[in-house]
Every structure is written in structure tokens, then in C-alpha cells.
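Structure record follows, encoded as C-alpha cells.
The values are calculated or read from the model by the stated rules, or taken from the named source; none is laboratory data. Nothing here was measured: the structure is a model prediction, and the numbers come from that model. Cβ placement follows ideal geometry from the backbone for every residue including glycine, while neighbour counts extend to all protein chains displayed. For accessibility, only protein heavy atoms count, side chains too; no ligands or nucleic acids. Shrake-Rupley method; radii C 1.70, N 1.55, O 1.52, S 1.80 Å.
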Amino acid sequence: KTHREVHSMVGVFAATHRVWLLHAVVFCLAASVAVGDPPGDRSGDPMDRSLLGDKAPVRFAAVGLLVPMHALLWTLARLETTSNHVLKKSCGFCFCLSSVCWAALWAAPLVTYAAVRLYDWVETNSDQEVMEMGALAAHYSVSFIGLFFLLFAPAKRADQLFNLTPVPLGLRFVRYFFWFVIMAIKFLLGIVIFSAVYSATEQLQFINLGHETPKDVVGLWRSSHWGASFYEWALLWLMAFYMFCADTAMWFQVSCMVLGVGIVFVQRGCRVCSFCLQDQIVQIPERFSRLVFKYAPKARGTDIAGTFPDVWDRIVAYLRYEDKCESDAMWEMSFSKGIKNSGMSWDALSMSTNPVVLREKMPKKPDLFEGGTPIETCFRNYCGWKA
């Protein structure tokens, strides 16, 4: 890491720019749906048209302008964080040619959007409608291509310090589908929230810059009321964007929880009742004996290996020796109630010094392994209740 990359927020943006671009695109799409078309008929003079257009296709076309804006910010961030040695080394004919090609790709949405607005402002006839649809198709195409490269192929050759870890196609699909579901949920909830934000701006009589006309902007720019209203409107929507980005962590955790519960149910054969009502701690002696002490003799009249009580007491003693539990907790979890703190030494706990004893008769189980009713299990596991 260079000094400028470590000691500047520009380096953070250069490393996480795809996160901000994805949130900005989803935010603008949801806001465009929530705000809707401007009220009234504004056909005629282009100075009486809305800044972002009077129709939904034209209004959504403005979202494509995020591609050149983000590409410019990302380029400036990479120039700031890249050392002078790397810049001098990479400058050459191929570098200049590729830079010109990338600049043409990033600037293409600006040209196509200008064509869309030009055909939107002129008087409508059949030929111009066809031209406007063609300009919209071209704008959406170049914007999607630029967005694809920014999101899925953002790395340059100088950025790849090592080869990426190969990921199977199925796992890659699951990852993209996971994030698609999260962003779809945020998009749908964003429409509801942004509709409330737009209603608040209407009730507070703030300006809505997308619905303002060029004539209104030019006439009110020198007005102190317009400036104050604009800053209040911008602050409200910036706060909405901040909250929109911040709650991604919450939806990520909720989605991971849902996936984790589903994976656990699949691993347990979809036995939901046993998962919710069965006390898993009570099953430790039998499962430990079945899986670990498979060939050890069983204690008389039980399915528990005769060596399990001594091994379990040794485990609990190690927990006390490493100060992972208190003495009273060690005493409650042990089969042998005669364990003393004086015996907590490395030599006393060593298997070579004190080997495991095989018991023919099972001693009294600790309260930890005593079963309870399903209701007690539910309260203990999910309500924090302790007997």
C-alpha cells in the first residue's frame, strides 16, 4: 500500500467503488419510480419541460449518467493512489490507446443522453418518435455495457497483484443470486420509503429539482428562498441515500440467517421438530460414544462408553485450568464431584501421567446431561431461561 492509499479516504473509495456504484444505481432507480412523472402537461417550449424529462423512459435514462460520473471519480481515485513509479512505467502507446478507448466508452452515455433529450424537446411526429426510441435504445445499451464493466470487470492489469482464486460456476451463481435478492428487497422497500420522502418534500414545499423547469431554475437561482429550499431538499435525499446504504448490513445479516437456518435444516434431514424441541446437549454422551469411542466397551446398561466420564471430566478440568470456567461451573459439569482446584496442574491433567479409566458402571450424570421437557428446552434455548 502506498502512503496516499493508506492515509486517504480516496483509497477506500478506489477499493470499494463497486459497492457505492451498485447502491447509487438501485437508489436512483427506486427514487425515479417513487417520484413519478411531473404533474401537469409541460409540452411545448423546452424551457418549460422538466429537467429530467416528462416521460418515464426519459427519466430513467438519466440514471445512465451515473456511469460516466462514477468512471471519472474512479479514474481520479486511481490516479491519486497510484505511485509515480507505476504511472511512469505504465505510460506507453498501448496504455494511451486503451485509455482513449475506455474514455470513449465512459463518455458514450453522455452523447446518447444528449440525443435523447434533443429528440424529446422537438415537436413529436412519427419519424422523430422512431429516432427517439433509437436514441433511448442506444443510451440504455451503452449505459448497461459501461455499468457491466464497472461492476464485473473493474480491475486493471496493474491492480492484479496475484491471480484470483478460482470459483466454481455454481457457487458464483449462488453468490450473485444472493446479492440480487438482497438488492431486490432493498429496491422494493426503497420505493415505499422514497415515496414517503417525496411526500414529505411536497408537504414542506421544498423544490423537487427533477420536476423543475430550466426557466424556473434560471429565475429562482438568485432567490434566497430557492437556495434554502434546494439545500434542504438535497440534505433530505442525501440522508435517505445514507440510510439506504447503511441498512445493507442488516439485510445481509438477515439473509445469512435465513440461509444458515435452511442449511441446518437440510443437514438434519429437515427434522424441524427435533431441531426445535430436542435438547442437543443431553445427546452429547451418546453421540460422543458412538462417533469417537466407537470400539470402546459400553458401561453396563447404557449406550455410553465406559471411558467417556473420565474423558469428559478431563475436558472440564482443562477448561478450568485455562480459566475458561469457574470452579463451581466445573463442579456442576463433572461426573466426579471430587475434583479439586489443587489438582489443576499440567502434570495432573496429562494423559501420560493419569491415563483414562474404564468404568463398568456409569456414575450419576451431571445436571447438564439430564433431560427436560420440550417446553423447558424451548425456554432454555430460545428465551435465555436457565433452570
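Tabulated results
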read-out	value
Segments 168-174, 63-69 sorted - mean Cβ within 10 Å per residue, highest first	63-69, 168-174
Solvent exposure, largest accessible area first (probe 1.4 Å, DNA, RNA and ligands not counted), of L319, L164	L164, L319
Pairwise Cα inverse-distance average, inverted: Kirkwood Rh of the range 227-285 (Å)	15.4
In nm, spacing of pseudo-spin labels at A228 and F187 (7 Å Cα→C-beta vector)	4.0
R0 of 51 Å, Cβ-Cβ distance C325-Y176: FRET efficiency to nearest 0.05	0.70
Whole-number accessible area per residue in Å² for the range 220-336, which is evaluated in the context of all protein chains at 1.4 Å	65
R287, R49, reordered so the largest accessible area comes first (probe 1.4 Å)	R287, R49
Solvent-accessible surface (1.4 angstrom probe) belonging to D303, in square angstrom, nearest 10	110
K365, K215, ranked by accessible area, largest first (probe 1.4 Å)	K215, K365
Residue pairs, from the table K294/K324; K298/K324; K324/K361; K294/K364, whose Cα atoms sit over 26 Å apart	K294/K324; K298/K324; K324/K361
Estimated dipole of the range 207-322 in Debye, rounded to 20 [Cβ of Lys and Arg +1, of Asp and Glu -1, Cα centre]	640
